[in-house]
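One structure is given here, and the rest of the page talks about it.
The values are calculated or read from the model by the stated rules, or taken from the named source; none is laboratory data. Here the structure is a predicted model, which means the values were calculated and not measured. As a convention, Cβ positions derive from the backbone with ideal geometry for all residues, glycine included, and neighbour counts pool all protein chains shown.
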Amino acid sequence: MKKQVTMREIAEAVNTSVVTVSNAMTGKKGVGEDLRRRILETARELGYDFSAAEKRAKERVLTLGIISSRRYMSEGSSFYWEMYQNTIDTASRKNVLTMLEMLDEEGGGENLSSLLAARPEIDGFIVIGRIGDGLMRQILRDAKGPVVLLDFYRPGYRCDAVLSDNYMGTYRTVRYLIDRGHRRIGFIGTGRTSRNVTERYYGFCRGMQESGLSIEREWLLEDRDLWTETPRIALPQELPTAFVCSSDYSAGLLYRELQKRGLRVPEDISVIGYDDYLYGNAFSEKLTSYRVDMPAMAREAVRMVLQRIRAPRQPYRVRYVDSGIVERTSVRTIRGKV
Amino acid sequence: MRPKKKISQSDIAKALGISNVSVSNALAGRKGVSQDLTQKVWQKAEKMGYDTGEDASDCQSGLFFVVSRSGLGADTEERFQKILRDQKVRVKCLACGELLDPAGGWGGSLAGCLGVLADGPLSAQELLALKEKSGGPVVGLGFFDSRVPIDYVMDDGFHGAQSVVQYLRSQKYETILYVMPEEAGQSAGYAAAWVDRLLGCRSELYLETLHRGATMHEAQPFDIEESRTALTFREACGYLENRRTGVRKQESGQRARTVFFCGDMRTARALLRELKDRQIRVPEDIAVAGYAVGEDCALQAGREQITAYTDSEKNLLDLCCAVLRHRRRCPEAEGNLHLAAGDITEGSTA
């Protein structure tokens with residue numbers, strides 16, 4: 001298959017920028033006549049397909065519907081708000097329009113349904129964060145275009161999803177600790193309430209198992225009291241040298257508990273978090289954490305939905321986006337290692 | 001963005017006294033430029049430090065080295081070449097020593113190669129030496145060493161196993177028994193793969209209990225492997241022994257309620273043989289599911305297509321090429337782990 005000549009190649013041949021080439025070819029201002037002539041000549045000589053370009057320009061602009069639960073998207077900084085920003089940013093770079101619908105799951109009542117999902121002119125949907133099963137099924141039923149879930153998934157849904165790689169992410173944080181000499185490591189998180197946290201726990205298991213370290217039951221702590229539904233960490237008498245926290249939020253809680261005991265981080269106990277999203281907490285400047293790459297996840301979600309608009313019959317995929325650890329100062333290297 | 005200080009194609013054109021168009025055609029491998037001139041343009045470009053940033057298919061050699069501890073042989077090389085036909089690369093399989101040893105087997109140049117694939121775990125020193133010698137990106141396939149900052153491609157054992165359990169649940173199996181592959185003689189890299197699958201299975205079974213009736217409060221806060229959810233092959237056979245009356249011959253039209261999920265295809269095939277010997281019907285009396293990666297995907301037990309999570313060699317190798325290409329364009333220091341996405345193949349065994 002003959003490879004298409006791209007605008008970049010034309011730009012390199014003429015030694016100018018892609019933007020200038022694009023402007024020259026679409027007749028915009030800002031390009032001198034001489035240069036414009038040279039660009040067009042070069043484009044012809046290289047065999048640039050002008051007709052394809054014209055067709056692209058005439059293509060319909062796509063619209064994506066973005067659906068999220070109001071509980072996640074309330075004002076102020078929020079993990080999901082930022083994810084929403086990244087999504088619309090990616091979409092607009094691809095000249096795709098977006099419409100947002102916030103569903104009030106708490107106050108909306110039993111007959112709550114997504115109005116956006118039913119609109120036939122929406123080409124595809126991205127659902128950000130968790131929403132109730134009933135609502136989810138309604139969206140999947142009504143949507144005329146493909147649906148991609150962002151940072152949420154439940155097996156059985158016939159759609160694509162983009163998730164942070166909870167398993168490998170937490171595994172990396174355990175490795176980070178082990179590489180710095182830690183051998184007695186605990187885990188903080190309430191798996192019982194969240195798939196994400198459960199998967200992170202298994203990532204922790206993988207890291208410990210790989211290095212032949214034993215998992216001590218007394219160092220596995222939940223971060224909330226399920227009966228009273230309040231955040232709570234009950235620290236045992238004897239502590240490990242480090243804790244892997246299933247979220248920065250629980251790391252923040254842990255920090256408070258440690259402070260109450262007069263323990264310092266990282267001098268007495270090392271702490272590593274997950275999300276790289278902790279705000280309104282003095283600890284946020286110190287906390288070493290696994291970063292959830294929101295821009296990458298948003299990009300992937302937009303990419304997946306656009307791809308499925310073009311090729312609707314591919315098998316459904318769940319994509320896991322891995323990233324890396326943001327080092328700050330909450331982990332101490334135990335002497336003699338690394 | 002207009003490249004400011006970099007060498008441009010015009011510079012090369014001027015240096016050789018030819019047109020910009022010719023340089024562009026030569027670098028892109030298009031017709032209209034003679035072989036001779038293409039060669040000259042490439043050499044000049046390299047000499048002047050021109051950043052091609054193009055796909056390997058435009059690189060002169062497009063060589064793709066597949067390196068392993070003991071070498072993979074001509075058959076494998078041919079198979080890889082066929083699989084990677086659409087990637088426009090030339091595959092060369094070598095033993096690690098052959099590539100690294102200056103006096104050893106490979107005397108050719110590594111310039112312009114796509115990169116090096118380490119097929120199977122190599123030591124940290126070997127990997128770093130490969131990286132240095134080839135001057136290009138290195139990707140490890142089927143293992144992960146966090147101490148060596150190169151790229152890695154693996155099958156997604158954790159999520160793959162989860163998807164099998166999810167599939168089996170959707171097929172209404174009530175009891176899922178995970179059978180571990182025998183680990184005798186496995187090196188550390190491969191052992192990790194088994195762990196991923198086992199943990200994936202356990203995680204999905206744990207999450208299940210949350211959805212199925214156990215309220216949050218009753219569920220165990222943490223799954224510590226004391227309740228064994230995984231069986232060895234011997235234990236699986238023991239299960240058949242003890243429960244022989246329990247593995248009921250189902251009425252026609254009824255389905256088995258129990259399924260063995262085997263961590264690899266060798267175990268699945270061995271189990272199927274056991275079941276056949278005991279005249280237990282699959283899937284009517286008991287079902288079997290597997291996990292197939294790479295070569296394993298091509299081999300199926302006789303007439304039976306085993307229901308399994310499959311991640312084909314092509315899928316993995318394509319991902320390796322994509323990773324190497326990406327790394328050539330963005331050679332930042334940190335390597336990364338890339339997990340391939342496989343699919344469930346519905347067979348006749350579950």
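Descriptive notes on the structure:
- Those helices (runs of 4 or more DSSP H) lying entirely in region B:1-118 with at least 1 residues at pLDDT 80 or above and hydroxyl-bearing (S, T, Y): B:9-16, B:20-28, B:73-83
- Only one of A:A282, A:A298, A:A242, A:A234 that is among the hydrophobic types (A, V, I, L, M, F, W, C), within 30 Å of A:T87 (Cβ to Cβ) and either touching a Phe, Trp or Tyr at 6+ places or on another chain (Cβ under 6 Å) or outside the structural domain of A:V148 (by TED's automatic domain parsing) (or both): A:A298
- Consider region A:149-170 and keep the residues that are more than 9 Å from chain B (Cβ to nearest Cβ) and small (G, A, S). The one that is farthest from A:R299 (Cα to Cα) is A:G169.
- Looking only at region A:134-167, and only at residues there that are part of a loop (DSSP other than H, G, I, E, B) and of a type in the set (G, A, S), the one that is nearest to B:S163 (Cα to Cα): A:G156
- Residue tally, condition touching a strand residue (DSSP E or B) at 6+ places or on another chain (Cβ under 7 Å) and either hydroxyl-bearing (S, T, Y) or crowded, with 24+ Cβ neighbours inside 10 Å (or both), over region A:169-181: 6
- Filter result (in a loop (DSSP other than H, G, I, E, B) and either touching a Lys or Arg at 6+ places or on another chain (Cβ under 6 Å) or within 8 Å of chain B (Cβ to nearest Cβ) (or both)) within region A:6-41: A:N15, A:T16, A:S17
- The set of residues in region A:185-204 that are among the aromatic types (F, W, Y), more than 20 Å from the chain's Cα centre (by Cα) and within 7 Å of chain B (Cβ to nearest Cβ) is empty.
Listed here are the residues, each with its yes/no results for (1) acidic (D, E); (2) touching a residue at least 60 places away in the same chain (Cβ under 8 Å); (3) farther than 15 Å from A:N166 by Cβ; (4) surrounded by 21 or more Cβ atoms within 10 Å (Cβ to Cβ).
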residue: A:L258; (1), (2), (3), (4): no, no, yes, no
residue: A:R264; (1), (2), (3), (4): no, no, yes, no
residue: A:E267; (1), (2), (3), (4): yes, yes, yes, no
residue: A:S270; (1), (2), (3), (4): no, yes, yes, yes
residue: A:Y274; (1), (2), (3), (4): no, yes, no, yes
residue: A:Y279; (1), (2), (3), (4): no, yes, yes, no
residue: A:L287; (1), (2), (3), (4): no, no, yes, yes
residue: A:Y290; (1), (2), (3), (4): no, yes, no, yes
residue: A:D293; (1), (2), (3), (4): yes, yes, no, no
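- Looking at region A:223-338, the strands (runs of 3 or more DSSP E) lying wholly inside it that each contain 3 or more residues that are within 13 Å of chain B (Cβ to nearest Cβ) and touching a Leu at 6+ places or on another chain (Cβ under 8 Å) sit at A:318-321.
- Checked against (1) small (G, A, S); (2) surrounded by 15 or more Cβ atoms within 10 Å (Cβ to Cβ); (3) free of Cβ contacts under 8 Å to residues at least 60 places away in the same chain, A:S323 passes all but a single condition, namely (3).
- Residues of region B:151-160 satisfying the condition of being among the hydrophobic types (A, V, I, L, M, F, W, C) and touching a Phe, Trp or Tyr at 6+ places or on another chain (Cβ under 7 Å): B:M154, B:F158
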